1. Looking at the stretch 127-149, I want the residues that are in contact (Cβ under 8 Å) with a residue 12 or more places away in the chain and not assigned by TED's automatic domain parsing to the domain that holds Asp303 and have a partner that is assigned to a helix (DSSP H, G or I) and of a type in the set (Phe, Trp, Tyr) with Cβ atoms under 8 Å, at least 6 apart or on another chain. Which pairs are those?
2. Tell me, which residue of the stretch 272-304 that is in contact with a helix residue (DSSP H, G or I) (Cβ under 8 Å, 6 or more places away or on another chain) and part of a helix (DSSP H, G or I) is surrounded by the most Cβ atoms within 10 Å (Cβ to Cβ)?
3. Which of the residues spanning the stretch 182-212 are free of Cβ contacts under 8 Å to residues at least 12 places away in the same chain and either surrounded by 18 or more Cβ atoms within 10 Å (Cβ to Cβ) or over 20 Å from Glu109 (Cβ atoms) (or both)?
4. Across the stretch 2-14, which residue is modelled with the highest pLDDT among those that are touching a strand residue (DSSP E or B) at 6+ places or on another chain (Cβ under 8 Å) and in a helix (DSSP H, G or I)?
5. Pick out the one residue from Phe121, Phe156 that is assigned to a loop (DSSP other than H, G, I, E, B), aromatic (Phe, Trp, Tyr) and not assigned by TED's automatic domain parsing to the domain that holds Leu313.
6. Could you say whether any residue in the stretch 53-69 is under 19 Å from the mean Cα position of the chain (by Cα), surrounded by 20 or more Cβ atoms within 10 Å (Cβ to Cβ) and under 15 Å from Pro85 (Cβ atoms)?
7. Mind telling me which of the residues Leu183, Leu187, Leu170 ends up being in contact with a Leu (Cβ under 8 Å, 6 or more places away or on another chain), assigned by TED's automatic domain parsing to the domain that holds Asn208 and part of a strand (DSSP E or B)?
8. Is it true that Gly54 is closer than 29 Å to Trp244 by Cβ and small (Gly, Ala, Ser)?
Amino acid sequence: MIESLARLGWDDDREGAFEPERQRGLEPARVVAQHRGAWEVRTATDERTATLGGRLRYDSLVASDLPAVGDWVGVAGPQIQVVLPRRQVLVRRAPDADAVEQVLAANVETVVIVTSANRDFNLRRLERLVALAWESGGEPLVVVSNGDLVADVDGFVEHVGSVAPGVPVLGVSVPAGIGLGTLLAHLRPGRTVAFVGSSGVGKSTLINALAGREVIRTAEIREDDARGRHTTIGRELHVLNGGWLLIDTPGIREVGLWATEEGLERTFGDIADVAAGCRFGDCRHEHEPGCAVRQAIHDGRLDRARLNAHRKLEREVARVERARDPRARAEEARRWRMIQKSVNAHMTRRYGQDR
């Protein structure tokens, strides 16, 4: 039994932690697909459609408490009774909702960020995806697809690496057969890998080439804007040749961060390294004397656009944190009330009560 679960990523640590659940009659299973109100789960002996047990449904306060593809769960017959603790979780902020998180995949050891060398390439979006991957607890890996579309693949890969310090960046071309072997070497047996990226970057084509068969249906890229059509409409876990496990995700149009500062610190580690040389520890890199970051920008060692992107994402994460934390929201509201009160007092002193 344990051997068959191992193909899905089960290990001794999970087995030991699950013993209390076995004592109350549950068996372990992994969520391999999600539908509206139901989940496909795979146990050591079969695959079945399952729904939520009453206690789990009652205890789930937010959507992220519910099972997601990649989760390990405890089942009794056709019901999921418990979601086991996640070691890693790939989440983003739900579109148009600062205080809502959306789980893309759970228990993912490697996050493969696929970007394309075509004209849809965007460094700022790539930075967001790298931050998303670091925050998940998994290991990011950037793949530049369609490498045959650029004359200097190595130069393009180096350019991409400038916004992903410390992250392996691989150039790949499926038609030319470039880089597939190197990428496969990163996908080890028993490890779960999630592929993320926007539509049209070639995720489905790349996955099928790595799998040696059509796992994901593909569609042509539109010629007018170099964007692809959605071919993945849901999330599903596949066990592939070589023993690694794949979770493909639909193309991400909006990469809203749901993160603490850790993901940003690792994504913008190059800025943090330079900032260590600033005269003041709380330097904002604006007008302070002895600012190493502004000097690095002046010298051409740092890109001003990257610093601006960092500031933008810091503000976004701070806004999400306030939206998640009622106390922070109240403090922000109090701060603005004090500002407004000060402005009103100033206007009264200057222009009088009947201004």
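The values are calculated or read from the model by the stated rules, or taken from the named source; none is laboratory data. Everything numeric in this text was worked out from a predicted model, so none of it was measured. Glycine gets a Cβ as well: all are built from the backbone with ideal geometry, and neighbour counts include every protein chain shown.
1. What qualifies is Pro140/Trp134; Val144/Phe156; Gly147/Phe156.
2. Val293
3. So in the stretch 182-212, the residues free of Cβ contacts under 8 Å to residues at least 12 places away in the same chain come out as 185, 208.
Matches in the stretch 182-212: Asn208 only.
4. Initially, the stretch 2-14 is screened for residues touching a strand residue (DSSP E or B) at 6+ places or on another chain (Cβ under 8 Å), giving 5, 7-10, 14.
Now restrict to residues that are in a helix (DSSP H, G or I): 5, 14.
Working: Leu5: 89, Arg14: 93.
Among them, the one singled out is Arg14.
5. Details: Phe156 fails: assigned to a loop (DSSP other than H, G, I, E, B).
Every option except Phe121 fails the conditions.
6. yes
7. Values: Leu183 fails: part of a strand (DSSP E or B); Leu187 fails: part of a strand (DSSP E or B).
Only one candidate qualifies: Leu170.
8. Numbers: closer than 29 Å to Trp244 by Cβ: no; small (Gly, Ala, Ser): yes.
No, not satisfied.
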